[in-house]
Amino acid sequence: MQILHTFLAATCAVTLLLAGCGDSQIQSSDTPVVSNVPAAQSEHERLNAYLAQVFADNLARQPFTASYLGIKDRQDEWNPQSEAFQDEERARMEAGLVELDGFDRSALPEAAQLSLDLYRMSLERSLMLDDFRHHAYALHQFRGAHTSIPSSLINIHRVTSVVDAEAYVGRLKNVETYLGEVEEQLILRADKGFYLVDWMYPAILESSSNVISGQPFDDSENLSPVWSDFQAKVAKLELLEDEEARLLNAGRDALVSQFKPAYTRFMATVERLAQSATGDDGVWRFPDGEEYYQRLLKWFTTTELTADEVHQLGLTNIDRIHDEMRSIMRQVGFSGTLQEFFVFVRENQELRYPNTDEGREQYLEDARSAIARMEEKLPEYFGVLPKAELIVKRVEPFREQSAGKAFYQSPPPDGSRPGIFYANLFDMSAMPKTDLEALAFHEGLPGHHLQRAITAELEGVPDLQRYLSFTAFSEGWGLYTEQLAYEMGFYEYPYSRFGQLAMELWRAARLVVDTGIHSKRWSREEAIAYLVNNTPNAEYDCIKAIERYIAMPGQATAYMIGKLRIVELREQAREALGDKFDIRLFHDTVLGSGPVPLNKLAENIDAMVRVQDSEG
């Protein structure tokens, strides 16, 4: 259930990329100047031209992000990771803030003022975190270059021509440079004492080893994931035999001669750094760790809430959801405590799919069925619906042991790829039948797919604005839609409703354990025990979750905080408008500007209420 659930490596690249300013606008003068814009243009036209140039310049600097967005340009390259490149990006962001002062905000229409404000905010937010650049993990056990390389090639790099296939080979060769720069980032952080937690390293090594296992790296019967993918993509080109053989030979040679040695060197570096790591889990252990964590909370929640306030908000909502769960417990005739009911649900095999290939396929079929039923009801609650296709896939075996429970990958604006809801079916005990509907609605419809596909398809919104990252909005929307589905008449069976509440409880508990780990100095074991005692999730699920929150401090707090604010704004609008309130208009307004911070969302809803009220 990670937005970034998406393809996080690419999503983070988009976020950082779009926070930069355009090369052509960097000025040495102290006077704010926006160059290369004809004087005859209106202020709105000037701003749109500027933002378009920024977007183009930034994509030119990060070629893999261009591929992620469906743009075939410099397809043999990866996004730079070097310290020099990141220093350049910071200078460009600082220059961008100066350039924005060259626009007259009062001369812009309301929508353009929002675009200007959001871009300024994105620059300020990115600089706020860049102050703590080396506190951030360069990678961790859940994701990083070691797993994003194969998943990017398999899921993002399209091959529809010989040129595309040759670019694929080029990317295989350039893994050497890409992983080398990631190694430099790991070493740079280690020199400053910013190590990963000791238990992360073995998982990183295992995932890396999986990437270079199988043919052509060894004599086993299985093909490695990347080699299998490349062969399949070349075969679909239906080339003459000699041409196909040339491409396959080039791919095999790149894998053996450059790709594998790059991974081998990377793994040696990881093994060496692991020797100096410690078992302390929270970022409090770093110099200025408390300030770093507070900035992460501000980044992810787009609020000024302190760690203590977030922690208390979690405890309050856990109590509320526990009470709702007790009513479900009575409804199904269970006598005992809520914790005993959790154990019953956790151990009831009738509420789980078989841990077999047949069980996994049944899960995927049931998820597709739930999404199809939801799709039929969407027009009653949404005026604007996405055009992009949504598909449901299993997380690939090479990364399923280290990947999260479920996540979503967005479609590009041109619709050349569908949106993908990925379900991690490695351990079926962690994917119960009770949670299936809520999870499918969160990741698919009306959750992430509806929100992100609509964002990609918005007209009149600058491209730059579409790809800004406000996790509280995106993940808050995903969690909101789980509750919305209940209001739409889904979760017909008590255990499905219990599953929806369990998913919400999970997000409330995140507020407690995330702040517990990173602010209150809880150990990994203490945090795992808290989830086991207060949620119905399987112990394996709790372990993986806590390891994720340790690896991505602050991110997990965005879900509940965003959801609570969306519900609050909806009920305020309903109360203000009475019979004039239109749920379709409310949802279209929430999604109509792309991702926004929660304060801007409130402004958008207030504007909607004023317009609706005046039309009465």
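Rule-based calculations on the coordinates, nothing more; no lab input. As the structure is a prediction and not an experimental result, all values here were calculated from the model. Cβ coordinates were reconstructed from backbone atoms using ideal geometry, including for glycine residues, and neighbour counts include every protein chain displayed.
Karplus-based coupling profile of segment 256-272, in residue order and whole Hz: 6, 8, 10, 5, 5, x, 5, 5, 4, 5, 4, 5, 5, 5, 4, 4, 5, with θ = phi - 60° in 6.51 cos²θ - 1.76 cosθ + 1.60 and x standing for Gly or Pro.
Taking segment 360-429 on its own, what percent of its Cα-Cα pair distances exceed 15 Å? Write down the numbers at each step before the final one.
Details: 1473 of 2415 pairs.
Taking all Cα-Cα pairs of segment 360-429, the fraction more than 15 Å apart is 61 percent.
Whole number please: convex hull volume per residue, Cα atoms of segment 528-595, in Å³.
Values: hull volume 9.1 nm³, N = 68.
So the per-residue hull volume is 134 Å³.
Looking at the chain alone, DSSP beta bridges between its own residues are antiparallel in about 35 percent of cases. Histogrammed with a bin width of 10 Å, the alpha carbon distances of segment 132-252 distribute as 12, 38, 29, 15, 5, 0 percent, first bin at zero. Can you grab the distance from the C-alpha centre of segment 178-218 to the C-alpha centre of segment 475-531, Å, no decimals? Distance between centres, Cα-based: 31 Å.
Based on the alpha-carbon gyration tensor of segment 287-355 and its eigenvalue square roots a ≥ b ≥ c, which shape applies: rounded if a/c is under 1.5, prolate if not and a/b is larger than b/c, or oblate? Prolate, since a/c reaches 1.5 and a/b exceeds b/c. Two numbers describe the Cα atoms of segment 185-328: Rg and Dmax, which are 23.9, 69 Å.
Does segment 471-532 classify as rounded, prolate or oblate by the C-alpha gyration tensor (a ≥ b ≥ c root eigenvalues; a/c under 1.5 gives rounded; else a/b over b/c gives prolate, otherwise oblate)?
Details: a/c = 5.34, a/b = 1.82, b/c = 2.93.
Oblate, because a/c is 1.5 or more while a/b does not exceed b/c.
In terms of overall dimensions, the chain has a Cα radius of gyration and Dmax of 24.3, 76 angstrom. Where a ≥ b ≥ c are the square roots of the eigenvalues of the C-alpha gyration tensor, would you call segment 441-559 rounded, which needs a/c under 1.5, or, failing that, prolate if a/b is larger than b/c, or oblate? Because a/c hits 1.5 or more and a/b fails to exceed b/c, segment 441-559 counts as oblate. The C-alpha atoms of segment 293-560 occupy a region whose extents along the principal axes are 53, 44, 39 Å, arranged from largest to smallest. Given 25 °C and 0.890 mPa s, compute D for segment 489-565 with the Stokes-Einstein relation, Rh being the Kirkwood radius over Cα pairs; round to the nearest whole µm²/s. The Stokes-Einstein estimate is 190 µm²/s. What you get for the chain, charging only the Cβ of Lys and Arg (+1) and of Asp and Glu (-1), is a dipole of about 520 debye around the Cα centre. Dividing the summed helix terms, -39500 (n - 2.57) for each DSSP H run of n ≥ 4, by the number of residues in the chain produces a 222 nm estimate of -20000 deg cm²/dmol to the nearest 500.
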